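Worksheet: one structure, shown below.
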Amino acid sequence: MRTKTKYAAIALIGFLPAMVAFTGPTSGLKLEPRSKLWIDGTSTVRSFRCKASAMEAQVEATGPGAVQAVIAGQKAVRSVALTVQSAQLDCGNGTMNGHMMKALKAKEFPTIQFVLGSYEVARADAGVKGKVTGQLTLGGITKTITMEGDARDAGDGALLVNGTHALKMTEFGLKPPSLMMGTMKVNENVAIGFELYLKD
């Protein structure tokens, strides 16, 4: 029995370098407070924008220097999970806030989250262009979405990633808000926009 255990230990020790080589070094990118996320929409009366006052992000990179690596067109990011508390969305109007929270089912599902699945990047004149595919969870419903965005050097050691993605609220089982006895109805088509500042 001891011989088998001994051989197993030797095999594990021999395999460890391969495991380390496979996983490689990792580090995280930090989301800066100046980052922004918003939802743009229209209604029968006017357009509106609901801004996220705060958000959280877990960004795992392949190692140090990931910001410059991305700017150079390299796939230096391994995983991304971006979370926004629905209650932190401010539409600039108390009544609209209440209706939007109800539409997003914020009490039952308090978070909006995007988790990266895969992505492609390519150098462009002003930085990097990318196509991202991942899982968006909204109102308790998770769907795969693909969106395009840009990344560039923010000039202070930070990476700026920005883009927009259009979607229909009804695709996530959400009923667009209706205000003022139904005289103001929100269009089901909205656009999520973001400006994310990331640093090593």
Residues that are buried (at least 18 other Cβ atoms within 10 Å of the Cβ) and more than 15 Å from Leu136 (Cβ to Cβ), drawn from the stretch 56-66: Val59, Ala61, Ala66
Gly155 vs. criteria of a type outside the set (A, V, I, L, M) and free of Cβ contacts under 8 Å to residues at least 12 places away in the same chain: yes
Options Asn162, Asn187; residue that is in contact (Cβ under 8 Å) with a residue 60 or more places away in the chain and not aliphatic (A, V, I, L, M): Asn187
Which listed residue is more than 18 Å from the chain's Cα centre (by Cα), of a type outside the set (D, E, K, R), closer than 27 Å to Gln58 by Cα and loosely packed, with under 15 Cβ neighbours inside 10 Å, from Gly155, Gly127: Gly155
Positions within the stretch 56-70 being within 17 Å of Ala81 (Cα to Cα) and in a loop (DSSP other than H, G, I, E, B), in sequence order: Thr62
Any chance Gly163 is under 13 Å from the mean Cα position of the chain (by Cα) and within 18 Å of Ala72 (Cα to Cα): no
Members of the stretch 162-200 that are touching a Ser or Thr at 6+ places or on another chain (Cβ under 9 Å) and aliphatic (A, V, I, L, M): Leu179, Met180, Met184, Val186, Val190, Ala191, Ile192, Leu196, Leu198
Enumeration of residues in the stretch 67-104 that are surrounded by fewer than 17 Cβ atoms within 10 Å (Cβ to Cβ), without any contact (Cβ under 8 Å) to a residue 24 or more places away in the chain and among the hydrophobic types (A, V, I, L, M, F, W, C): Ala87
Condition check for Val186: over 21 Å from Thr95 (Cα atoms), buried (at least 19 other Cβ atoms within 10 Å of the Cβ), touching a Gly at 6+ places or on another chain (Cβ under 7 Å) and not small (Gly, Ala, Ser): no
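Values quoted throughout were computed directly from the atomic coordinates according to the rules given, and no laboratory measurement underlies them. The structure displayed is predicted, hence computed values, not measured ones. Neighbour counts are summed over all protein chains in view; Cβ atoms, including those assigned to glycine, are modelled from backbone coordinates with ideal geometry.
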